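Step one of this worksheet: look at the structure below.
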2 protein chains.
Amino acid sequence: MKSHLSRSDISRRVLLSAMGVLPTAYALLDATSAPAQTPASGQLSSWNDGPAKQAIFDFVRATTDRSSPHYVVPEERIAVFDQDGTLWVEHPLYTQVVYCLERVPAVVAKKPELKTVEPFKTVLSGNREAMAKLSMPDLEKILVATLTGMTVEEFNAEVKNWMQTARHPRWNRPYTELIYQPMLEALNYLRDNAYKTYIVTGGGQDFVRVYAQKVYGIPPEQVVGTAGATKYGYGKNGEPILIKDPKLLLNDDKAGKPEGIHLMIGRRPHAAFGNSTGDRQMLEYTAAGDGARLKMIVLHDDAQREYAYGPANGLPDTRVGTFTQALYDEAKQKGWTVISMKNDWRRIFAFEE
Amino acid sequence: MKSHLSRSDISRRVLLSAMGVLPTAYALLDATSAPAQTPASGQLSSWNDGPAKQAIFDFVRATTDRSSPHYVVPEERIAVFDQDGTLWVEHPLYTQVVYCLERVPAVVAKKPELKTVEPFKTVLSGNREAMAKLSMPDLEKILVATLTGMTVEEFNAEVKNWMQTARHPRWNRPYTELIYQPMLEALNYLRDNAYKTYIVTGGGQDFVRVYAQKVYGIPPEQVVGTAGATKYGYGKNGEPILIKDPKLLLNDDKAGKPEGIHLMIGRRPHAAFGNSTGDRQMLEYTAAGDGARLKMIVLHDDAQREYAYGPANGLPDTRVGTFTQALYDEAKQKGWTVISMKNDWRRIFAFEE
């Protein structure tokens, strides 16, 4: 149970910040839409005409039209997407955090001696207020107990099973249905234009890989995330196994995102989609490449259809590490495209119609 | 210049073993060829008919024929290849070791104070005998000085430049011409059958990525190798940069190979090609999957056209970490296919005809 995770390795945000109170008020953003080009038949059909949709079309045209000065050969077309808050709902808790908390009873069932030991005792109590006060070392114990110590196949099976039964409290639907339909269309549109699409997430690489192919059409090797080591060894029958280890290899958040992109992909992306300060360096790194680069950042300003948080309506952000006012100002100043969920997305989820 | 590399992280083999004396005598292996199927037009044309060529054909048929019980859907077809000694010549020195040693004068030119400091002084002397006696910490200093401390773009440019001028001492040709033509054909044949081909090398991930696309048709993101960290920061003009750091993230050798495959690919390969004890665990891990799995291991038994080392002719192996007698026995016992360079390859290099 000894954790090799250090305080600096795992952001407190991962478990705690999402438990805070969220601003639910929101207001309209300034309507700064430029006249949009008519989209190709059915492509990006869940996007409203406006600067965000137009930015995607313009970027694809600039990099795939052979006569364009910014043409990119197909084998070099790389697009990266953050997951939580960019591809699917991240409120009121990151899905993986829900997973870790909900796995605690199963872990305790296997090791009954943990029943009366903190932090497991508190998690078993179901007392959210007490859980929000858990110390960082206690939270690390939960991560280590639920994400490591088993073979990679056992972990995959546990996540797969959980995903089939777990439900989001607001919509009472599987988490894998809470994917943003406009982003699925953006993924498909980029892939149709020979872009290799990657997820680059602060969440667990192994966690996201379990469902990424089915949900996003993204194979395991194109999921880059926070990753721990594995230990190669042998099981009861001498069969080779890989055991998930608490040692952190890649903290794929903030500066860790371009570092992770270099480790796992080995070149600078042409397009990057994010929604928080955790994505700032990835966007900045993408923007610093030559030619045409697409930098898009999702603003959650739609409390009615999803959630509103961050600089929408000028309200201070109550969470750490989300779309802060400073990030909003930087995006505007640098010409990164802010996606207003409220204004730019005609529908948010596939089940809406 | 402080190194975070530990003794256990970097195998002494990497710099030292290749400097040893090599057995040059060899003899015929037992001819155990099974009757071969007539190959498809021109495919694997540099392979002689025999059990090795047949094993590749049989594997591809078993996993791509929809009526086969071992059919594998295209998106799950993964094939991994070791590099040194499997895809190109590794004698008398690993190419990357030559690179590091030959980069020392340029490093010293930038930092003249190193001229009289060990191990740089010894390397500058050109005295091979003295170089072979360098201590492990000294060798680490050479790796750190030549592989880290620059931006990833600077490193890529340095390797690219070096590759254009460096020549192998025996053939007086660029190292990138010393690729085994039969293996290029195997890579192409697997790719033609929807296999995604990866390099999984104990060599440096960033090093191999520089030329892998051009030489092997393998993009950077499909090169898994020994990898150090990078540090995200800002250059003189405020531009975002990634600096190569001495901290080791992945020692992609022996047990590190299946661990690296899990980190970078996220699933078990269906085919694995290697040539040394560094590939043993990768082959074992591949073999342990269900259905049809291709396990192939190159035996260097052709002193005339390339080199002879390992268990050929029953001579003891004078190198650490190559194809030992124990590995040969294990391969035979487990039914892994041994590729005899002498018997199975009609030609070895593209320039031969």
**Fill in**
By my count, helices (runs of 4 or more DSSP H) wholly in region B:85-163 with at least 2 residues that are under 17 Å from B:ALA227 (Cα atoms) and of a type in the set (A, V, I, L, M) are B:136-147
**Message:** For the list (1) aromatic (Phe, Trp, Tyr); (2) at pLDDT 95 or above; (3) open to solvent by 10 Å² or more (accessible area, probe 1.4 Å), I need the number of the one condition that B:TYR99 fails.
**Reply:** (3)
**Failed criterion for B:GLY310 (all others in (1) part of a helix (DSSP H, G or I); (2) small (Gly, Ala, Ser); (3) within 17 Å of the chain's Cα centre (by Cα) hold)** = (1)
**Prompt:** Take the residues of region A:50-87 that are among the small types (Gly, Ala, Ser) and more than 25 Å from the chain's Cα centre (by Cα): which is most open to solvent (accessible area, probe 1.4 Å)?
**Reply:** A:SER67
**Message:** Please return the ranges of strands (runs of 3 or more DSSP E) entirely within region A:188-296 where 2 or more residues are open to solvent by less than 10 Å² (accessible area, probe 1.4 Å) and either more than 10 Å from chain B (Cβ to nearest Cβ) or out of contact with any Cys (no Cβ under 8 Å at 6 or more places or on another chain) (or both).
**Reply:** A:196-204, A:223-234, A:271-274
**Message:** Tally up the residues in region B:260-305 that are charged (D, E, K, R) and over 19 Å from B:TRP47 (Cβ atoms), please.
**Reply:** 7
**Asked** Can you find even one residue in region A:164-173 that is modelled with pLDDT of 95 or more, of a type in the set (Phe, Trp, Tyr) and assigned to a helix (DSSP H, G or I)?
**Response** no
**Prompt:** When both residues are 6+ apart or on different chains and their Cβ atoms are under 9 Å apart, which pairs have a first residue that lies in region B:69-83 and is within 12 Å of another protein chain (Cβ to nearest Cβ), and a second that is assigned to a loop (DSSP other than H, G, I, E, B) and of a type in the set (D, E, K, R)?
**Reply:** B:GLU76/B:ARG267; B:ILE78/B:ARG267; B:ILE78/B:ARG268
**Prompt:** Among (1) basic (Lys, Arg); (2) at the interface with chain B (Cβ under 8 Å from one of its Cβ atoms); (3) over 30 Å from B:ALA255 (Cβ atoms), which single condition is A:ARG305 missing?
**Reply:** (2)
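The values are calculated or read from the model by the stated rules, or taken from the named source; none is laboratory data. What you see is a predicted model; the values in this text were computed from it and never measured. A quick note on method: Cβ atoms are made from the backbone with ideal geometry, for glycine too, and the neighbour counts reach across all protein chains shown. SASA here: full protein model, heavy atoms, side chains in, ligands and nucleic acids out. Shrake-Rupley method; radii C 1.70, N 1.55, O 1.52, S 1.80 Å.
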